[in-house]
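Notes to accompany the following structure.
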Amino acid sequence: MTKTTTMLTVAGIAVGGLVAYAVYFDYKRRTDANFRKQLRKDKKRVAKSQASSEASASASGVDVDELKHALETVKQEEVPTTPEEKEKFFMAQVGMGEQLCAKGPTFNLPAALCFYRALRVYPSPVELIVIYERTVPPPVFQIVMQLTNMDVKERVEGYYDCFPPKVMNVAVKTIEVPVKGQPNTSTRKKTLVCTKDFEAGESIYKEEAIVTALDSDLQGKGTHCNHCLRSLDPSSAVRPESDRLDSAYCSTECLDKAKTHSQSLLFSLDSPLPAPLAPTILPAAREARDKAQQAFADYLKKRGRAAPQLVARFIARQVSAETAKMIPGSAGGAEPVLTDGGDYTLYDHLERLRYLDMTPPEEETQILREVLQHALPGLEQFVTEERHATYLGGMSYNAFGVYFGEGRDDKPEPAMRPEDVEKSRTPLGTQKQVGTGFYAVSSYLNHSCIPSARPSFDMGTAELHLIANRPLKTGDELTVAYVDVTQKEGESVNEARRRRRIELVRGWRFACTCERCVQESDGSDEGPAKDESKVSDMVKRAEGM
C-alpha cells in the first residue's frame, strides 16, 4: 500500500468518524494562544532535530516481527480519556520523539513509536501525517507509516472476526454471484448466514435500530414515539420543552435516549455536549442555532424523505458516542455493542456496507452543515459533499421500514413520480410502514423473492426480530423480501414478477436473479442483470475486489 493510499485509508477510518473530540481539539488549537504556541514550538524542535539527524541517518529497515511486537505493545497501552489528558499526552509524545530523533538512527524505532502514540490521540490523523512528513527524519517517518499501515490492515481484515456478535447466531460470509450473460464471471457480495439450526417461525436474532425516523406524515401528531416508533395515545405522550419537530415520546426513557443520541444536537437548543463539557452559549449564537435548526426541520417536512434525517441522526449519534468516552463512567451516549471486542466505531460499520451512488441536493448538504456548525463549531468541516452523498446512499440502500401487524392503511399516496418515491426494505411495501430504521447487522440481509426469513416488529417498537420462514441449517443464507413479493388477486405470474422487479430497480438499482424470478421468467425481459450498488474503495482493497 502506498503512502497516499495509507493516508486515505486513515482518513476514511479515523477522520470519517466525525469524532466530537476533533471539534474540541480543533477549537482549542484555534482559540487558545498558549496551546497554539506550544504546537509551533514542538514543530520547530522536530525540524531542528531533523537537520542534525539526517546527516548521519539513512533509510533503516526494521524487522517486521519487531514492528508487529512493538505495535501490539502500544495497542495494549491505555489511552488518555479526557481532552485535557489527551493534549498533555500528545505534547509529551511529540517532545519525546523529537529528543530520540536527535540521538541518531539507533533510536529510530523508539522515536517512531512516540510519534505513533501521538497520532493515536490526534483528532485529524491525515493532518498530523502531513506534518510528520515535513518535519520527521525520513527513516523515522517511514516506520510511523509502516506502523499505521499494519494497524489499518489489522482493523480491516479482523473486522468480521468480531462482527456480528456471536450471540446473534449469524455470521457475515462472502459469496460469489454469477454475472448474468457473462459466462465464468462473478461478483463478490457479503451475505448473512445462520450459525445454528432453526425451525420455521423461530426467532433468529433481535436487533435495536441505531437510528430511526418517523414517517413525515406522522411527525408532530403525537401518535407514535419519535424514538422507538411505538404507537401511543397523544393525550399521554411525553413531550420535550424545546423541539423543532414537535416530537412525542412513549416514556421519559425514550425521551432521554433521543436527546442524548441526536435530538439535543439537531432539533433543540439544549447543549449537545454533556454538562462537564458544555460551553457557554451567547445569545447571538443561540439565535443562529435556532434559525439553522428551523430551516432543517422545514426542509425535512418539505422533502418528506427519511434518509436525510437518518443521516443527520447517525452523525449526531457518532458525536454522542465520542463525547461519552470523554467522561469516565458515562454511558448515556455510549455506542451500541455491535462487536465481540475490537475498537470499532459506528462509522466502521457503515463504511463496510453497500450503498447507492447518490447526489444530495446542494441545499441539503448546506443546511445540515449549518445545523452542525451552530451546535459545535468545526463539526461541519467533516460533512463534505462526497461524504454526505456516501452516507445518504448507505441509508437509502440499507434502511428497513418499520411496520406493526399488517401495516397501516392511512399513508397518503405519494405525489411524485413512482421512480422518485423513497423505498425501504419492507415486505409489506413502503406504504405500510410508520417509520424507518437503520440496523448494522440486518443491513447484510440480501433480497430474495422467496425469502428464508422475515423482519418482525411484533414487540410494537423498532426493535427488529428476524424470524425463520422455513427450517434452516447452519450455514444457510438468510434473505428477506425488500418489497411485497406476494401475487395480488387478479395479477398474473408475469405481472407480479414485473411489479416486484420494477420496485427493486427503482429502490435498490438491481435486477433480481433469485430462483423464483428465474423460474417465472418468460424470456421477454431478459438482459444483463445489473447491480448499481457499490462498496467503498477500502472494502475493495481489503477483499481484492
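The values are calculated or read from the model by the stated rules, or taken from the named source; none is laboratory data. Small disclaimer: the values here were computed from a predicted structure and weren't measured. Using ideal geometry, Cβ is built from the backbone for each residue, glycine included, and neighbour counts are taken over all protein chains shown. For accessibility, only protein heavy atoms count, side chains too; no ligands or nucleic acids. Shrake-Rupley method; radii C 1.70, N 1.55, O 1.52, S 1.80 Å.
For the range 79-93, the candidate set comprises residues that are at pLDDT 90 or above and surrounded by 16 or more Cβ atoms within 10 Å (Cβ to Cβ); within that set, the residue that is nearest to residue 147 (Cα to Cα) is 93.
With the requirement that a residue be among the aliphatic types (A, V, I, L, M) and buried (at least 17 other Cβ atoms within 10 Å of the Cβ), what does the range 194-206 give you?
Applying the first criterion (among the aliphatic types (A, V, I, L, M)) to the range 194-206 yields 200, 204.
The answer is 204, and nothing else.
Any chance the range 368-380 includes a residue that's open to solvent by 30 Å² or more (accessible area, probe 1.4 Å), without any contact (Cβ under 8 Å) to a residue 40 or more places away in the chain and not in a helix (DSSP H, G or I)? Checked the range 368-380: no residue is open to solvent by 30 Å² or more (accessible area, probe 1.4 Å), without any contact (Cβ under 8 Å) to a residue 40 or more places away in the chain and not in a helix (DSSP H, G or I). For the range 440-457, the set of residues classified as part of a loop (DSSP other than H, G, I, E, B), closer than 21 Å to residue 201 by Cβ and under 24 Å from the mean Cα position of the chain (by Cα) consists of 441, 445, 457, listed by residue number. The residue list 158, 104 contains one member that is out of contact with any Cys (no Cβ under 9 Å at 6 or more places or on another chain), small (Gly, Ala, Ser) and closer than 30 Å to residue 324 by Cβ, which is 158.
Do we find that residue 273 is under 25 Å from the mean Cα position of the chain (by Cα) and open to solvent by less than 10 Å² (accessible area, probe 1.4 Å) in this structure?
Numbers: under 25 Å from the mean Cα position of the chain (by Cα): yes; open to solvent by less than 10 Å² (accessible area, probe 1.4 Å): no.
In short, no.
Per the listing 479, 461, 436, the residue uniquely surrounded by fewer than 22 Cβ atoms within 10 Å (Cβ to Cβ), assigned to a strand (DSSP E or B) and either at positive phi or not aromatic (Phe, Trp, Tyr) (or both) is 479. Checking the structure you have, find out if any residue of the range 242-260 is farther than 30 Å from residue 409 by Cβ and open to solvent by less than 10 Å² (accessible area, probe 1.4 Å). Looking for residues that are farther than 30 Å from residue 409 by Cβ and open to solvent by less than 10 Å² (accessible area, probe 1.4 Å), one finds none in the range 242-260, hence no.
When we screen 417, 425 for residues that are more than 20 Å from residue 300 (Cβ to Cβ) and touching a Phe, Trp or Tyr at 6+ places or on another chain (Cβ under 6 Å), the only hit is 425.
Yes or no, residue by residue, for (1) open to solvent by 10 Å² or more (accessible area, probe 1.4 Å); (2) over 15 Å from the mean Cα position of the chain (by Cα); (3) more than 23 Å from residue 449 (Cα to Cα); (4) touching a residue at least 12 places away in the same chain (Cβ under 8 Å):
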| site | (1), (2), (3), (4) |
| --- | --- |
| 386 | yes, no, yes, no |
| 389 | yes, no, yes, yes |
| 398 | no, no, no, yes |
| 402 | no, yes, no, yes |
| 411 | yes, yes, yes, yes |
| 416 | yes, yes, yes, no |
| 419 | yes, yes, no, yes |
| 428 | yes, yes, no, yes |
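Just to be sure I understand the filter: pairs with C-beta atoms under 8 Å, separated by 6 or more residues or on different chains, first member in the range 138-164 and more than 30 Å from residue 337 (Cβ to Cβ) and at pLDDT 90 or above, second member of a type in the set (S, T, N, Q) and crowded, with 20+ Cβ neighbours inside 10 Å. Which pairs pass? Note: pairs meeting the criteria are 139/108; 140/108; 143/108.
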